[in-house]
Structure formats: structure tokens, C-alpha cells
Amino acid sequence: MSRLRAGAAKGALKDLEAAGDARDLVAGDRRFGQAQAIKRQQDEGREIVHEVFAGLPIADNPDRIREVLGARSVIFENWGKASTAFLAIGRTLLNLRETLSPEEDRALRRGASRLFPFSDSMVSKLVEIARAVREGRIPEPQLPAAYSTAYDLAKVLRDERGLRLATERNLIRNDVQRVEVEALKRDLRDGRRLGGRIIDVTAEEEAEEGGVVPNSRVSLDALRARQADLRRQRDEAAARLADLNRDLIEVTEQVRIAEGGVEE
């Protein structure tokens, strides 16, 4: 009887060892599959980066390519996480774009939808948010949770008028509603249409109570800031237009060749 029990124990031990080996094999296969998937993703990303920056010096610089791939990896990792991850993505994009030449930056923006899980429009918005936090216009703890609201607020705070009114209305806070920022944007637009006069309701009430007439004229600093902002937007638009014109010429030539090669 003891021999039978001993034999059964040995058999059970062998079964456990076999099961353990099987689990090790499965785990090994899983790790191998994960490693292969990561490698495929990296190879695909490297190919896309080379295509996006084809013909530019960065394409022949392994260190610069690694920078772009690193930024791409961080962005994909954060995209889809908690809403506050958009700041990490914006910072990554801002830091990356500052290392690129103007021509390389335009290439990145043209290829944004291939490099990242979003378009060039989103690139601009996330960079604007990151820049607003870096420059202190929006303290990080006060950053709105929704990226769309954070972007609108960042744009409003570009010049002195927007900053003054946003501060007076207590709009620089993390729970600010988009409708509040939209109302401020509307008041700023109306003020520009009226020749630069911005009179806040709160300021008017305080002036009436104190017997002081509010100064509704736009300061010279604000005008200069607005002038610089418009020049920057004009330069970006001109660069984008040049890219579109070049792409249009290329596609038009391809259409001409294709049409000429069709036999009726």
C-alpha cells in the first residue's frame, strides 16, 4: 500500500512539474509575442518618421530620429489616459518642436496624423496649453480638466486684456466652465469691434460705487502683444499656404500624367 502511495506521489509530482513547464512555456510565448508586437510598433514608427521627414537633414541623423520616436512613444502612452495627460503630451510636443528647424516643424505638422493619434490641429492646441502653463499664464494646479476649455483659456490669456478680465472674473481655475470662457472671448471680440474698448460689468459696478471712471482704453503693451501675435499667425499661415501650394502642384502634375495615360 505504501508503494502505491509513493508511486502516486511521484506521479503527482511529475504532473506538477509538467504543468509548471507548460506554464513557463506559455509565459515565455506571451513575453515573446509582446516583444515582437513592440518591435513591430517601433519599426512601423521608425518607417513613418523617415517618410514624414524624407529629404530633410533630420532623416539622416539617428540621434534626432530617436528624439522624435521617443516623443511619439510618450504621446501614444499618454493619449487616452486621464484628461490631465494632455498637458504631458503638450509639453512633449512643445519640447520636440523647439528642437526642429522651421522646415522640419512644418514636415512634422503635415505628418501629424501619421506620427500621432491626432491631427495637426490638435498639435497646435496641446502646444498652446503647454506654453501657457510654462509661461505662467495658467498655473498647473489651476489648469481646466478639459483640454478644449484649457485651450480656449490659454488663447484668451495671450494678451493683457484677456488676462485682466479673466483675473477679475476669477476664470483662472481648474473647474471653470467653457461657457464662462466663451463669454469672455465674446466680450473681447466685441471690444475689438468697438475700437478696442473693453468695459467689464464688474469693473463698471466697482467704478460706480467708488465714483471712479474705469479706464477702458487698451494699453500700448496689449496692442504690441496683439500685433506680435497676429504677425506670428500670419507667418504660420504663410508657411502653411506655401506647403499647400507645393502639394497642390505635385498632385496636379500627377493628375495630368494619369489623365494623359488613360486610353479612351
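Figures for the structure shown
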{"read-out": "Nearest-0.05 FRET efficiency for Asp229 and Ile257, computed from C-beta distance (R0 45 Å)", "value": "0.60"}
{"read-out": "Packing-based exposure ordering (other Cβ within 10 Å, fewest first) of Asp229, Asp187", "value": "Asp229, Asp187"}
{"read-out": "Which of Leu108, Leu171 has the fewest Cβ neighbours within 10 Å, and the rest in rising order", "value": "Leu171, Leu108"}
{"read-out": "Selection from Val127, His50, Leu108, by position along the positive dipole direction of the range 36-135 (Cβ)", "value": "Val127"}
{"read-out": "Net charge dipole size for the range 63-157 [Lys, Arg +1 and Asp, Glu -1 on Cβ; Debye, nearest 20]", "value": "140"}
{"read-out": "Exposure proxy ranking, count of Cβ atoms within 10 Å, fewest first, for Asp247, Asp120, Asp175, Asp159", "value": "Asp175, Asp247, Asp120, Asp159"}
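Bear in mind these aren't lab numbers, they're just calculated from the coordinates by the rules spelled out. Since the structure is predicted, the reported quantities are computational estimates derived from the model, not experimental observations. Using ideal geometry, Cβ is built from the backbone for each residue, glycine included, and neighbour counts are taken over all protein chains shown.
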